[in-house]
Amino acid sequence: DGIRDVRTWLEFRRVLFRSGTLTLDAEGDIILDANGSSVRLEDDSVSFLRFTNAGGNCVVYNGSTDKDIVFKDAGEETIFTVNGTRESLLMDTNKKIEFADANKYINSNGTILSVVTDGSLTVTAGASSVFTVTGDLTMDVSGDIILDADGDNVTMKAGGSYPLDFVHSNSGDWH
């Protein structure tokens with residue numbers, strides 16, 4: 001007699017290989033569907049990365065406290081690291097954080113931090129701000145240097161004293 005329809009249904013909780021490599025190779029997609037909302041990657045039963053569905057948002061967890069998640073290119077060069085110890089994003093030397101296109105970025109060569117733009121640069125602060133520089137500050141511009149103080153007072157200090165104070169009065173005069 002002929003077999004019209006053969007279906008094999010497997011139900012398992014764990015596939016265990018004692019040696020070798022497991023390869024999943026599909027002509028279509030490979031789908032991991034976890035009703036528990038999380039997919040974990042483990043090494044010898046120790047979790048090192050977890051993906052969780054949190055209300056439709058994908059949350060990525062580092063499996064170990066104070067360990068890093070390192071992003072590398074195909075040539076094994078580090079692009080950036082999510083640093084678990086410092087809880088920070090660490091860009092590798094000479095790598096960029098780009099904004100909108102390749103002409104607007106922040107990067108560092110390990111010594112100098114550069115903010116680069118092919119347009120204007122605006123720093124906006126909601127309160128009084130202080131920029132502290134250890135060493136010299138050089139402003140080298142190809143155009144004018146414009147200081148626009150709505151308080152009508154521009155003060156230049158040297159060593160904490162007030163040797164030069166420009167005050168604009170309502171009559172339009174400078175003192």
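The values are calculated or read from the model by the stated rules, or taken from the named source; none is laboratory data. Keep in mind that what you see is a predicted model, and the values were worked out from it rather than measured. In this analysis, Cβ positions are derived from the backbone assuming ideal geometry, glycine residues included, and neighbour counts consider all displayed protein chains. The area values use the complete protein model at the heavy-atom level, side chains included, leaving out ligands, DNA and RNA. Shrake-Rupley method; radii C 1.70, N 1.55, O 1.52, S 1.80 Å.
A few points about this structure:
- Mean Cβ neighbour count within 10 Å, used as a protection proxy, ranking 145-151, 22-28, 50-56 highest first: 50-56, 145-151, 22-28
- Within straight-line cross-link reach of LYS104, lysines at Cα separation under 25 Å, skipping those fewer than 8 residues along the same chain: LYS72, LYS95, LYS96
- Solvent-free Debye calculation, one equal scatterer per alpha-carbon of region 103-175: log10 I(q)/I(0) at 0.13, 0.20, 0.21, 0.23 Å⁻¹ equals -0.63, -1.28, -1.34, -1.41.
- For THR155 and THR78, the difference between the fully extended length at 0.36 nm per residue and the C-alpha to C-alpha distance is 23.2 nm.
- Accessible surface ranking that places the most exposed of GLU76, GLU87, GLU98 first, with a 1.4 angstrom probe: GLU87, GLU76, GLU98
- Farthest toward the positive end of the dipole of region 17-124, out of SER38, THR124, ALA54, is the Cα of THR124, where the dipole comes from beta carbon charges about the Cα centre.
- A P(r) calculated from all alpha carbon pairs of the chain, with 10 Å bins opening at zero, reads 6, 17, 22, 18, 13, 11, 6, 4, 2, 1, 0 percent.
- Order of exposure, largest accessible area first, which applies to PHE48, PHE131 with probe 1.4 Å: PHE131, PHE48
- Each label point was placed 7 Å from the Cα along the Cα-to-Cβ direction; for VAL70 and LYS104 their separation is 3.3 nm.
- Projected label points at THR111 and THR93, each 7 Å from Cα along the beta carbon direction, are separated by 1.1 nanometres.
- Note on SER47 and GLU27: with the Förster distance fixed at 41 Å, the Cβ-Cβ geometry gives a FRET efficiency of about 0.85.
- Contour minus Cα-Cα distance for VAL141 and TYR61 (0.36 nm per residue): 24.3 nm
- Region 64-141 versus region 159-175: alpha-carbon centroid distance in Å: 37 Å
- In the assembled protein chains, LEU121 presents an accessible area of approximately 120 Å² (probe radius 1.4 Å).
- Residues LEU41, LEU49, sorted by accessible area with the largest first, give LEU41, LEU49 [1.4 Å probe; ligands and nucleic acids excluded].
- Here the accessible area is traced with a 1.4 Å probe on the protein chains. For the chain, carbon and sulfur cover 49 percent of it.
- Considering only THR78, THR65, THR122, the Gaussian network model of the chain with Cα springs below 10 Å gives its largest mean-square fluctuation to THR122.
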